[in-house]
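A.B. asks: Take this structure, written in structure tokens, and hold onto it; I'll ask about it next.
The values are calculated or read from the model by the stated rules, or taken from the named source; none is laboratory data. Small disclaimer: the values here were computed from a predicted structure and weren't measured. In this analysis, Cβ positions are derived from the backbone assuming ideal geometry, glycine residues included, and neighbour counts consider all displayed protein chains.
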Amino acid sequence: MVRLAAPAAPTTFEVHLMKTVRRLIYAEIFKAVSFITLGFVCLFFFFDLIQELQDVGKSHAPDYGSAQALLYVALLIPSHLYELLPITVLIGSIFVMARLAESSEYTILRTSGLGPWRALRTLLVLGLGFAVLTFCIGDYIAPVSGRVGQLLRARYMPFYPLAGNTGAWLKEKQGKHTYVVNVVSMTHNGDLKSPQIFEFDENNAFLSNTMAQFAHIGRDGIWTLYGAVRWSYPRPGNGNPADAQAVTRIETVHAPALSWNSTLTSEMVSVALLQRGRMSTIDLFGYIRHLSANGQTTRRYEIQFWRKVFYPLSCLVMVVMALPFAYLHFRQGGIAGYIFGGVMIGISFFLLNNVFGYMGNLNNTWIPWLAAAAPGIIYLLLSLGAFSWLVLRR
């Protein structure tokens, strides 16, 4: 009976050698990704600044100066960084892998024990680190900076459009009553300008209308309406359906401060007022539940939620796509063409990600999570196919 010998455990020398190899690859890719990301961020910063300088010192924004424009553009950097990271990870990884192959350094690493699967695991660990970084920027830093930037611009531009000429409209159910809330704009400190609250009963009969000069939303969910005026339209309580629309009288109440309990948070109001995509994943999930509980459409926000879930994971796909470039044979100066190809792949992924998002919103038959994950799945299959052909079968 022949017994197969168990594979030998790696020696201390091999362990230290693999650590050195990983540190080399990680350091080179991190430096390349950082440099490329810095270049793209500076480019977007320049374009945004040129656009903002058109409003500096104009009659519609007399207090909007160069300092405010620079601050606003700086607050947009985390949003650009969140969108750019998967692309720059791809370009930086391709550059490092191709350069190692061109200088034959990767051939030496292969003879030192860096096999295809070990190289794939090494890059996946690095990609996971970039995915965590992308998630943190997109879920914690970019929503806060973007919201502050929009409020800063709205503070200095009285006619800055937030949600159209009529403001934002939100809906909430409390028991048998339904409340429709209209907010014109939001100040830099989070106060709501000129809010209106319309109350309806279970028969959709109009019960009351509350207007205020401004409102503040507390952490406990209580709205404090300052300079409020409330008009009530009580109806006969005899239960006769014919009298359901009859109004006996109009009651008017003036109050310097009026409280209203609501589940509408400041973040929910801001996402209705400001640009989409400013919410974190948890807040977006809560907003979807709120819309669903009040019978409102949630498809747009469901796709946005799943995009925020899957988008950081695209960093893993990008490093897998870069690995086959280490197994190519380059002629002198031929690396530039492959770097250009990597840029085109990154741009095509960004475009395809947006296209699938728009198509998912237009086509109600698409599953939201599939519409959001489709670009990553397509590029993952392409990268695995390239890895199988260039690395395993050649």
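Residues checked against (1) closer than 12 Å to Glu302 by Cα; (2) in contact with a Cys (Cβ under 7 Å, 6 or more places away or on another chain); (3) assigned to a helix (DSSP H, G or I); (4) modelled with pLDDT of 80 or more:
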{"site": "Asn354", "(1), (2), (3), (4)": "no, no, yes, yes"}
{"site": "Met359", "(1), (2), (3), (4)": "no, no, yes, yes"}
{"site": "Thr365", "(1), (2), (3), (4)": "no, no, no, no"}
{"site": "Leu370", "(1), (2), (3), (4)": "yes, no, yes, yes"}
{"site": "Gly376", "(1), (2), (3), (4)": "no, no, yes, yes"}
{"site": "Leu380", "(1), (2), (3), (4)": "no, no, yes, yes"}
{"site": "Phe387", "(1), (2), (3), (4)": "no, no, yes, no"}
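A.B. asks: Something else now. Conditions first: (1) more than 15 Å from Trp369 (Cβ to Cβ); (2) assigned by TED's automatic domain parsing to the domain that holds Asp139. Ser292 passes all but one, so which condition is the exception?
C.D. replies: (2)
A.B. asks: On the given criteria, is Leu109 in a helix (DSSP H, G or I) and under 19 Å from Ala326 (Cβ atoms)?
C.D. replies: In short, yes.
A.B. asks: So, in segment 100-130, of the ones that are charged (D, E, K, R) and surrounded by fewer than 19 Cβ atoms within 10 Å (Cβ to Cβ), which residue ends up farthest from Leu328 (Cα to Cα)? Outline the logic, then answer.
C.D. replies: Step one: list which residues in segment 100-130 are charged (D, E, K, R), which gives 102, 105, 110, 118, 121.
Applying the additional criterion that residues be surrounded by fewer than 19 Cβ atoms within 10 Å (Cβ to Cβ) yields 105, 110, 118, 121.
Values: Glu105: 13, Arg110: 13, Arg118: 18, Arg121: 19 Å.
Across segment 100-130, the extreme among qualifying residues is Arg121.
A.B. asks: Filtering segment 263-283 down to residues that are under 15 Å from the mean Cα position of the chain (by Cα) and at pLDDT 80 or above, which residue is surrounded by the fewest Cβ atoms within 10 Å (Cβ to Cβ)?
C.D. replies: By that ranking, first place goes to Ile282.
A.B. asks: Could you tell me whether segment 162-171 includes any residue that is farther than 30 Å from Leu24 by Cα, within 18 Å of the chain's Cα centre (by Cα) and at pLDDT 80 or above?
C.D. replies: no
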